[in-house]
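What follows is a short report on a single structure.
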There are 2 protein chains.
Amino acid sequence: MNQNREIPYKIYLEESEMPKQWYNVRADMKNKPAPLLNPATHEPMTAEELSVVFCEDLVKQELDNDNAYIDIPQEILDFYKMYRPSPLVRAYCLEKQLDTPAKIYYKFEGNNTSGSHKLNSAIAQAYYAKKQGLKGVTTETGAGQWGTALSMACAYLGLDCKVYMVKCSYEQKPFRREVMRTYGAAVTPSPSDTTEIGRKILAEHPGTTGSLGCAISEAVEVATHTQGYRYVLGSVLNQVLLHQSIIGLETKTALDKYGIVPDIIIGCAGGGSNLGGLISPFMGEKLRGEKDYRFIAVEPASCPSFTRGKFAYDFCDTGMVTPLQKMYTLGSGFIPSANHAGGLRYHGMSSILSQLYHDGMMEAVSVEQTSVFAAAEQFARVEGILPAPESSHAIRVAIDEALKCKETGEEKTIVFGLTGTGYFDMVAYEKYNNGEMMDYIPTDKELEAGFAGIPRFEGNEF
Amino acid sequence: MNQNREIPYKIYLEESEMPKQWYNVRADMKNKPAPLLNPATHEPMTAEELSVVFCEDLVKQELDNDNAYIDIPQEILDFYKMYRPSPLVRAYCLEKQLDTPAKIYYKFEGNNTSGSHKLNSAIAQAYYAKKQGLKGVTTETGAGQWGTALSMACAYLGLDCKVYMVKCSYEQKPFRREVMRTYGAAVTPSPSDTTEIGRKILAEHPGTTGSLGCAISEAVEVATHTQGYRYVLGSVLNQVLLHQSIIGLETKTALDKYGIVPDIIIGCAGGGSNLGGLISPFMGEKLRGEKDYRFIAVEPASCPSFTRGKFAYDFCDTGMVTPLQKMYTLGSGFIPSANHAGGLRYHGMSSILSQLYHDGMMEAVSVEQTSVFAAAEQFARVEGILPAPESSHAIRVAIDEALKCKETGEEKTIVFGLTGTGYFDMVAYEKYNNGEMMDYIPTDKELEAGFAGIPRFEGNEF
């Protein structure tokens, strides 16, 4: 331990060391992510078309494949200062318990009331909506982290916030709902009778408990049918990865300060916002041929977009109202097994990360949820942080890699993203504590049913 | 705002600047807090008598009125580094919203999984238990913050942890319970049939939902009847204030770094652990005549120990099994109205703080809970942290003092303790959000009933 003594448990940057620009990894990608397509014409979506749904500045960011650095507006920097820089933590206690020569670091994004990294993009998207003179924004939320983050950002800026929350979550997670209400958001269980598509779904499937795809469809409908509103999204999109690059930039600055060079960088992957944000600046170095790193995306075995999905154009929502995006997908109708507790349940994946994975720039593994919760509990007990189930996917693989180092004797440096805390996930922890949690891996036949929903057209072979 | 620009939003100390000693304010008190009395003999409790209940080193700390500084063992310092130093935050956004010339700072203790400052003493108490070679510790918990903190500390040290949780909390706060179980604690709803006193209470009051006083009695019984166990307590005791001085010491170091001198220091007061810890080093300066500060204890109007209690010897628990402590008390049988949601429901108060208050060294005010939740919501929306109801008592008075400065034009510097987060208090927030929260101020007659339970003997006139 002596040789490490100089490195503190937590590396905090000074406010003056915080990044002033986001990094756009697309600028360094030779193979750019494929453009969004209009589902009717299969032509690339224009800025004009996208502006019906998204704020103008965000459309520019969405379509910008060229500028490597984009200034963070002062107002967003000021908001970031309320909860950032986030600490880069040396997991001394976990290393000791594992008895590994590996050095483990994690970038902890849970020290804010949204409980996750989602706030980094929420404030950016709310800021641009405000700047455009809009009255409010709409969105969907599943577990509620994104909805909470957006509510916080909107409360800060005095912007109206309408959240469509998947009905089963709305009922099972009343506390998340109340946090959003405390921040002044209007939270509606989805499907609802407030939208055409909601009424249609309710008529066709009375008693349905909703899905993320359905909530997206409702939020988009309200945004496009209400004067002064736009739709915002917490993951998947290029703009979101851009905002989340703050995670990776801070991580890199903190590591550089102490001369630490990571060998492996690990992140959980649902829509890709955390993983993309964390690895961006490191991936930039790899793309430019300056350095090499192993990047590992970790996904649930029950929703294995990267490891078992198809690289194809697909809808971003179940209602098929969004543009088509080229990505690793399980089909927009795919819904993970009901016993899946650990988040990361989106059928698709960021198109940036999909392209990078397709090009062999990163790896992906899938893990089963009981092993994820075992890692979560082990981590909580020695590192003192109760992790979100999502984040715990990354913990699982970080521990696995550290144990491999123990076998080989290699002193690898492992960095992983600890995206958030699990305070609102105690129902899942209770299941695990009671030994009632099950694993589930979809069969090939089930996956085939999902793939059947991917639209087929010329240029979308898979 | 320009003149303040140099002061960052968050002041984090370096690891090397963290205090290495706790500060014992009793050393600087002319009027020492009165000793604990044996309830049978009314003689001061000896170290030997106390050692049946408490760990040896903690008994020494409990009785030490002389040593101003006590070394923090390295193992505890290492644990502190996992979640400390905690930030001292400049509430720029709140100041702006209030349009006040006052400068507001808060010491935020919520960035750890226990969600509060309680962990500072939990690790110390668990450490000394481990050092003594004990097998485990017992305690009670109400809302669950202390129980969670102790569970975390015990998990870290590999110590057994038995928590008696007030039955109504056990049932209403299943998530807190699950956090404790995730950290390996055995959590029993109190009253239970696992103790003699529990069985007695259940027989006399079938269907009772329990009280803190009853849970204390059960935890003490188990500790004193089980080989290798001792009882630990999260507040009130001198030893707890000693450990919590880390809050004030860090605050003072951070303020000194930037040349900031506070005018008013505010803390919420239940048993007094947070308030005592926060003000200790500043109170030391005042006691030594070096500086002057206003100290304000804030308590709920529904449980007004300081502002309406008696300064007398009383039992620390309802079961009347503990020693007698000289303190401001509402009587050990006093239970706040059932509609009281905001924590801080203990009938008594730290004897150190009681003595200081009695000597005119600090002020106390009581506030009603709807005004507390209004302050909580206001704070959450601009400062981005959802505060615990307990902490929000201090926010209420900090805002009130800042608004007075607005009237007078005074540029006072206000520091308050933000003890924790409200993630497990959403039932109370929901009540507030729905307009269903009521205020309650006990009548004089109700208080008289509580006072009637205070033991009367020579030397205990009140």
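Restricting to segment A:141-152, name every residue that is within 24 Å of residue A:339 (Cβ to Cβ), small (Gly, Ala, Ser) and either within 13 Å of chain B (Cβ to nearest Cβ) or open to solvent by 10 Å² or more (accessible area, probe 1.4 Å) (or both).
Applying the first criterion (within 24 Å of residue A:339 (Cβ to Cβ)) to segment A:141-152 yields A:141-147.
Applying the additional criterion that residues be small (Gly, Ala, Ser) yields A:142-144, A:147.
Within segment A:141-152, A:142, A:143, A:144 qualify.
Somewhere in segment A:97-114, is a residue closer than 23 Å to residue A:238 by Cβ and among the aromatic types (Phe, Trp, Tyr)? Walk me through how you get there before you give the answer.
We begin by selecting, within segment A:97-114, every residue closer than 23 Å to residue A:238 by Cβ; these are A:107, A:109, A:114.
With the extra rule that they be among the aromatic types (Phe, Trp, Tyr), the set shrinks to none.
Within segment A:97-114 (the criterion being closer than 23 Å to residue A:238 by Cβ and among the aromatic types (Phe, Trp, Tyr)), the answer is no, since none of the residues qualifies.
Report the residue count in segment A:400-438 for those that are within 30 Å of residue A:338 (Cα to Cα), away from chain B (no Cβ under 14 Å) and either open to solvent by 50 Å² or more (accessible area, probe 1.4 Å) or β-branched (Val, Ile, Thr) (or both).
Taking segment A:400-438 as the starting set, the residues that turn out to be within 30 Å of residue A:338 (Cα to Cα) are A:400-401, A:416-438.
Next, only the ones that are away from chain B (no Cβ under 14 Å) stay: A:400-401, A:416-417, A:419, A:438.
Next cut, either open to solvent by 50 Å² or more (accessible area, probe 1.4 Å) or β-branched (Val, Ile, Thr) (or both) only: A:400, A:419, A:438.
Residues in segment A:400-438 being within 30 Å of residue A:338 (Cα to Cα), away from chain B (no Cβ under 14 Å) and either open to solvent by 50 Å² or more (accessible area, probe 1.4 Å) or β-branched (Val, Ile, Thr) (or both): 3 in total.
Taking the options B:301, B:312, B:376, B:341, name whichever one is closer than 30 Å to residue A:157 by Cα and in contact with a strand residue (DSSP E or B) (Cβ under 9 Å, 6 or more places away or on another chain). Break it down stepwise before answering.
On the way: B:301 fails: closer than 30 Å to residue A:157 by Cα; B:312 fails: closer than 30 Å to residue A:157 by Cα; B:341 fails: in contact with a strand residue (DSSP E or B) (Cβ under 9 Å, 6 or more places away or on another chain).
None of the other options fit; the residue is B:376.
Considering B:124, B:91, B:155, which residue is touching a residue at least 12 places away in the same chain (Cβ under 8 Å) and either under 20 Å from the mean Cα position of the chain (by Cα) or more than 11 Å from every other protein chain (Cβ to nearest Cβ) (or both)? Before the answer, list the steps.
On the way: B:91 fails: either under 20 Å from the mean Cα position of the chain (by Cα) or more than 11 Å from every other protein chain (Cβ to nearest Cβ) (or both); B:155 fails: either under 20 Å from the mean Cα position of the chain (by Cα) or more than 11 Å from every other protein chain (Cβ to nearest Cβ) (or both).
So the residue among B:124, B:91, B:155 that is touching a residue at least 12 places away in the same chain (Cβ under 8 Å) and either under 20 Å from the mean Cα position of the chain (by Cα) or more than 11 Å from every other protein chain (Cβ to nearest Cβ) (or both) is B:124.
Which members of segment A:46-70 meet the condition of being under 22 Å from the mean Cα position of the chain (by Cα) and outside any loop (DSSP other than H, G, I, E, B)?
Restricting attention to segment A:46-70, the residues satisfying the condition of being under 22 Å from the mean Cα position of the chain (by Cα) are A:50, A:53-55, A:57-65, A:68-70.
Correct list: A:50, A:57, A:58, A:59, A:60, A:61, A:62, A:63, A:69, A:70.
Restricting segment A:1-20 to residues that are at pLDDT 95 or above and open to solvent by 40 Å² or more (accessible area, probe 1.4 Å), which is nearest to the other protein chains (Cβ to nearest Cβ)?
Step by step, filter segment A:1-20, then rank; the result is A:17.
What do you reckon, is residue A:273 under 25 Å from residue A:370 (Cβ atoms) and of a type in the set (S, T, N, Q)?
On the way: under 25 Å from residue A:370 (Cβ atoms): no; of a type in the set (S, T, N, Q): yes.
For residue A:273, the condition - under 25 Å from residue A:370 (Cβ atoms) and of a type in the set (S, T, N, Q) - is not met.
State yes or no: is residue B:316 under 22 Å from residue B:391 (Cα atoms) and not hydroxyl-bearing (Ser, Thr, Tyr)? Write out each step before concluding.
Numbers: under 22 Å from residue B:391 (Cα atoms): no; not hydroxyl-bearing (Ser, Thr, Tyr): yes.
Answer is no for this residue.
Pick from B:396, B:381: which is away from chain A (no Cβ under 14 Å), in contact with a helix residue (DSSP H, G or I) (Cβ under 9 Å, 6 or more places away or on another chain) and of a type in the set (Lys, Arg)?
Working: B:381 fails: away from chain A (no Cβ under 14 Å).
Answer to the selection: B:396.
Starting from residues that are assigned to a strand (DSSP E or B) and not β-branched (Val, Ile, Thr), keep the ones in segment A:94-114 and report whichever is nearest to the other protein chains (Cβ to nearest Cβ).
Keep residues of segment A:94-114 that are assigned to a strand (DSSP E or B), which gives A:103-108.
Narrowing the set further to residues that are not β-branched (Val, Ile, Thr) leaves A:103, A:105-108.
Values: A:103: 16, A:105: 14, A:106: 12, A:107: 15, A:108: 9 Å.
Across segment A:94-114, the extreme among qualifying residues is A:108.
Take the residues in segment A:439-454 that are in contact (Cβ under 8 Å) with a residue 24 or more places away in the chain and open to solvent by 30 Å² or more (accessible area, probe 1.4 Å); name whichever of them is nearest to residue A:40 (Cα to Cα).
Step one: list which residues in segment A:439-454 are in contact (Cβ under 8 Å) with a residue 24 or more places away in the chain, which gives A:439-442, A:447, A:449-454.
Keeping just the survivors that are open to solvent by 30 Å² or more (accessible area, probe 1.4 Å) gives A:439-441, A:449, A:452-453.
Working: A:439: 39, A:440: 36, A:441: 34, A:449: 23, A:452: 19, A:453: 16 Å.
Only one residue fits best here, namely A:453.
Filtering segment A:21-68 down to residues that are touching a residue at least 24 places away in the same chain (Cβ under 8 Å) and among the basic types (Lys, Arg), which residue is least open to solvent (accessible area, probe 1.4 Å)?
Ranking the qualifying residues of segment A:21-68, first place goes to A:26.
Go through segment B:158-183 and give me each residue that's within 11 Å of chain A (Cβ to nearest Cβ), in a helix (DSSP H, G or I) and either among the basic types (Lys, Arg) or open to solvent by less than 10 Å² (accessible area, probe 1.4 Å) (or both).
Here is the first cut: in segment B:158-183, the ones within 11 Å of chain A (Cβ to nearest Cβ) are B:158, B:173-183.
Next, from what is left, pick out any that are in a helix (DSSP H, G or I): B:174-182.
B:176, B:177, B:178, B:179, B:180, B:181, B:182 - these are the residues of segment B:158-183 that are within 11 Å of chain A (Cβ to nearest Cβ), in a helix (DSSP H, G or I) and either among the basic types (Lys, Arg) or open to solvent by less than 10 Å² (accessible area, probe 1.4 Å) (or both).
Would you tally the residues in segment B:63-88 being within 14 Å of another protein chain (Cβ to nearest Cβ) and among the aliphatic types (A, V, I, L, M)? Show your work before the answer.
At the first step, the residues of segment B:63-88 found to be within 14 Å of another protein chain (Cβ to nearest Cβ) are B:74-88.
The next check asks that each one be among the aliphatic types (A, V, I, L, M); those that pass are B:76-77, B:82, B:88.
Qualifying residue count for the region: 4.
If I filter segment A:348-391 down to residues being open to solvent by 10 Å² or more (accessible area, probe 1.4 Å) and in contact with a Leu (Cβ under 6 Å, 6 or more places away or on another chain), which single residue comes out as farthest from residue A:452 (Cα to Cα)?
So, considering only residues that are open to solvent by 10 Å² or more (accessible area, probe 1.4 Å) and in contact with a Leu (Cβ under 6 Å, 6 or more places away or on another chain), the one farthest from residue A:452 (Cα to Cα) is A:382.
For segment B:184-222, which residues satisfy the criterion of being of a type in the set (D, E, K, R) and either touching a residue at least 12 places away in the same chain (Cβ under 8 Å) or within 14 Å of another protein chain (Cβ to nearest Cβ) (or both)? Full working, then the answer.
Here is the first cut: in segment B:184-222, the ones of a type in the set (D, E, K, R) are B:193, B:196, B:199-200, B:204, B:218, B:221.
Selection gives B:196, B:218, B:221.
Residues in segment B:255-280 that are surrounded by 22 or more Cβ atoms within 10 Å (Cβ to Cβ) and more than 15 Å from residue B:103 (Cα to Cα): how many?
Count: 14.
Examine segment A:184-192 for a residue that is buried (at least 22 other Cβ atoms within 10 Å of the Cβ) and in a helix (DSSP H, G or I), and state whether such a residue exists.
Within segment A:184-192, none of the residues are buried (at least 22 other Cβ atoms within 10 Å of the Cβ) and in a helix (DSSP H, G or I).
I need a count of the residues in segment A:73-109 that are crowded, with 24+ Cβ neighbours inside 10 Å, closer than 22 Å to residue A:125 by Cβ and among the hydrophobic types (A, V, I, L, M, F, W, C).
Adding up the residues that qualify gives 1.
The values are calculated or read from the model by the stated rules, or taken from the named source; none is laboratory data. Remember, predicted model here, so these are calculated numbers, not experimental data. Quick reminder, even Gly has a Cβ in these numbers, built from the backbone with ideal geometry, and neighbours come from all protein chains shown. Surface accessibility is based on the protein's heavy atoms, side chains included, excluding ligands, DNA and RNA. Shrake-Rupley method; radii C 1.70, N 1.55, O 1.52, S 1.80 Å.
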